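Novice: The following block contains the structure, expressed as structure tokens.
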Amino acid sequence: MSRERLIFISGWATGSSCWELVINKIDRPVSCCYVKWWECLNGAAEENALLRVLEREAGRVIIVGWSLGTLVALEGAILRPGSVKKLVLVSGTPRMTSTGNYPGVDSSVLRAMHARFSRTPRLVLEEFARFCIGDGLGSSIEADELLGKFIDGAECINVEHLARGLRYLQAKDLRNILPEIKVPVHLLHGANDRIIPVECARFMQRTIPEARLDQVQGGSHALLFTAPYRVAGLIRDVIDAGFSSQ
């Protein structure tokens, strides 16, 4: 089996280490590249790390994004369609904030997070981590350990990067360009996601021409941590056989 090229993009307040549990369970010959989301918030190629990586790729790659990283992945597939083979989007959305009939986070919540972040960053990160993990872990000890790891990793990211990420999430809306995505898109979403409602994934399933959605019953937003075997299994399936849209 040839070595598949994978590009991973994490979500807000996380770096490449969030993929560790998933990578260890893929069990396939892969070549992994980790792109920092805070280096991908500008659409100009010279200022967007993902677009620069895609320009260098000799063949087409699979992009795997989680949360904010799914927005970056979607935009990459639109701007560099010849470089992208497939997308795997975990806990994703084309728009973070709710509007009209579209579900999501109330924009006032993100504004309040941004305002509080300059004063009490650790408290904001703790609250966000708890909402991400939700009830995805049965053991309180395991949940506490995961929360500590999550927050410690978040505090390693520059505060201004985190603030820019919140502004990006408030402004970015890719809903209208979803029909232009011509590659297979596989969506994985927790049914109990408290950050991005599963209805956002259903919207993408309906709107992207070749998209398939798998739900994790009882799953939270942080599937990379609470159900890494499901994420790894999806990636294995995409590598091994691809899929047909349903």
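The values are calculated or read from the model by the stated rules, or taken from the named source; none is laboratory data. Because the structure is a prediction, the values reported are computed rather than measured. Ideal geometry is used to build each Cβ from the backbone, glycine not excepted, and the neighbour counts take in all protein chains shown.
Novice: Enumerate the pairs (first residue in the range 142-162 and within 13 Å of CYS18 (Cα to Cα) and free of Cβ contacts under 8 Å to residues at least 40 places away in the same chain; second residue anywhere and buried (at least 18 other Cβ atoms within 10 Å of the Cβ) and not hydroxyl-bearing (Ser, Thr, Tyr)) with beta-carbon separation below 8 Å, excluding pairs fewer than 6 apart on the same chain, so at least 6 apart or on different chains.
Specialist: Short answer, once both residue conditions are applied: LEU147/ALA129; LEU147/ILE133; ILE151/LEU125; ILE151/ALA129.
Novice: Shifting gears a bit: Go through the range 98-116 and count every residue that is closer than 14 Å to SER67 by Cβ and either among the β-branched types (Val, Ile, Thr) or in contact with a Phe, Trp or Tyr (Cβ under 7 Å, 6 or more places away or on another chain) (or both).
Specialist: Residues flagged as closer than 14 Å to SER67 by Cβ and either among the β-branched types (Val, Ile, Thr) or in contact with a Phe, Trp or Tyr (Cβ under 7 Å, 6 or more places away or on another chain) (or both) within the range 98-116 amount to 1.
Novice: Name, by its number, the condition in (1) within 26 Å of ARG3 (Cβ to Cβ); (2) under 17 Å from the mean Cα position of the chain (by Cα) that does not hold for VAL105.
Specialist: (1)
Novice: When residues of the range 79-97 are filtered for being among the hydroxyl-bearing types (Ser, Thr, Tyr) and more than 13 Å from LEU68 (Cα to Cα), how many remain?
Specialist: Count: 1.
Novice: Please enumerate the residues belonging to the range 7-22 that are surrounded by 20 or more Cβ atoms within 10 Å (Cβ to Cβ) and within 17 Å of ARG230 (Cα to Cα). Give the steps one after another, and end with the answer.
Specialist: Residues of the range 7-22 surrounded by 20 or more Cβ atoms within 10 Å (Cβ to Cβ): 7-14, 18-19, 22.
Within the range 7-22, PHE8, SER10, CYS18, TRP19, VAL22 qualify.
Novice: Please pick out the residue among THR70, THR93 that is under 18 Å from TRP37 (Cβ atoms), assigned to a loop (DSSP other than H, G, I, E, B) and touching a residue at least 12 places away in the same chain (Cβ under 8 Å).
Specialist: Answer to the selection: THR93.
Novice: Kindly provide the set of residues from the range 4-37 that are farther than 22 Å from GLY148 by Cα and in contact (Cβ under 8 Å) with a residue 40 or more places away in the chain, ordered by number. Please lay out each step first, then the result.
Specialist: Filtering the range 4-37 down to residues farther than 22 Å from GLY148 by Cα leaves 4-8, 25-35.
Residues satisfying the conditions are GLU4, ARG5, LEU6, ILE7, PHE8, LYS25, ILE26, ASP27, ARG28, VAL30.
Novice: Would you check if LEU178 is touching a Ser or Thr at 6+ places or on another chain (Cβ under 6 Å), modelled with pLDDT of 95 or more and under 22 Å from LEU74 (Cα atoms)?
Specialist: Considered against the rule, which asks whether it is touching a Ser or Thr at 6+ places or on another chain (Cβ under 6 Å), modelled with pLDDT of 95 or more and under 22 Å from LEU74 (Cα atoms), LEU178 comes out as yes.
Novice: Provide a single number: the residues in the range 100-126 that are surrounded by 12 or more Cβ atoms within 10 Å (Cβ to Cβ) and either assigned to a loop (DSSP other than H, G, I, E, B) or touching a residue at least 60 places away in the same chain (Cβ under 8 Å) (or both).
Specialist: Adding up the residues that qualify gives 7.
Results for (1) out of contact with any Phe, Trp or Tyr (no Cβ under 6 Å at 6 or more places or on another chain); (2) in contact (Cβ under 8 Å) with a residue 12 or more places away in the chain; (3) on the phi > 0 side of the Ramachandran plot, shown as yes or no for each residue.
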site	(1), (2), (3)
ALA191	yes, yes, no
CYS200	yes, yes, no
ARG206	yes, no, no
ARG212	no, yes, no
GLN215	yes, yes, no
SER220	yes, yes, no
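Novice: Output the number of residues of the range 44-66 satisfying the condition of being part of a helix (DSSP H, G or I) and closer than 20 Å to HIS186 by Cα.
Specialist: Adding up the residues that qualify gives 2.
Novice: Now, a different point. Give me the helices (runs of 4 or more DSSP H) completely within the range 168-246, filtered to those with at least 2 residues that are in contact with a Gly (Cβ under 6 Å, 6 or more places away or on another chain) and crowded, with 20+ Cβ neighbours inside 10 Å, ordered by residue number.
Specialist: 223-226
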